[in-house]
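The values are calculated or read from the model by the stated rules, or taken from the named source; none is laboratory data. All figures in this text were calculated on a predicted structure; none of them were measured in a lab. Glycine gets a Cβ as well: all are built from the backbone with ideal geometry, and neighbour counts include every protein chain shown.
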Amino acid sequence: MRETQEDLNKMGFVNEELEAKLELLSLYEKKLKEPELSEDEFKEILEDILRNELEGLTEELVRVSSRYNGVSKYVELVCSYFNGETKPLIETFTIVDAPVLYFLISNLKWSLDEFPDVSLLIATLKYHVRTQVYVEDKNVRKEYIRLYRLSILHSFVSFEHITCVGYFGWSWGCFGLRNL
């Protein structure tokens, strides 16, 4: 159940972060009900939902995604991410799903301060190993290369974080990489 800001204030509970999330939830709920919502606007809403980790709109996302052809995988991935079931879904992906996977990884707030989901990175790296084929389609190849570079970068940063925090107790990273 989503509580309004008035309900929270009545209980004497004011949290600015929670207040901002509730406002975003309300805004996106209204936007998703608009009949003129374009596919690009829908993807932008999905990006914001991932970045802000707004889990309360999954039913609405699934309902609205039926209007568009190319977004069902995006919605499925976002919903599975919030349910903690991303790894099995990634195992079914093929090379043509690289843009969808890039969408997920590029929109997560991963930094050395907010440690990433290592199992998601491992699943992504397994995806790369499984899809080592030449791709004729230039757009798919371009998206795949972008995904490959991004996931390698995140993996390197995660490994660096594990190594440095584990052995030295440093939280900012051995190589000085911060908030990538």
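Among the candidates GLU36, GLU41, GLU76, GLU59, the residue that is part of a helix (DSSP H, G or I), out of contact with any helix residue (DSSP H, G or I) (no Cβ under 8 Å at 6 or more places or on another chain) and assigned by TED's automatic domain parsing to the domain that holds LYS21 is uniquely GLU59. Within region 20-56, work out how many residues are over 19 Å from the mean Cα position of the chain (by Cα) and among the hydroxyl-bearing types (Ser, Thr, Tyr). Looking only at that region, the number is 2.
In the set GLY84, GLY70, GLY56, only one residue is of a type in the set (Gly, Ala, Ser) and surrounded by 14 or more Cβ atoms within 10 Å (Cβ to Cβ); that residue is GLY56.
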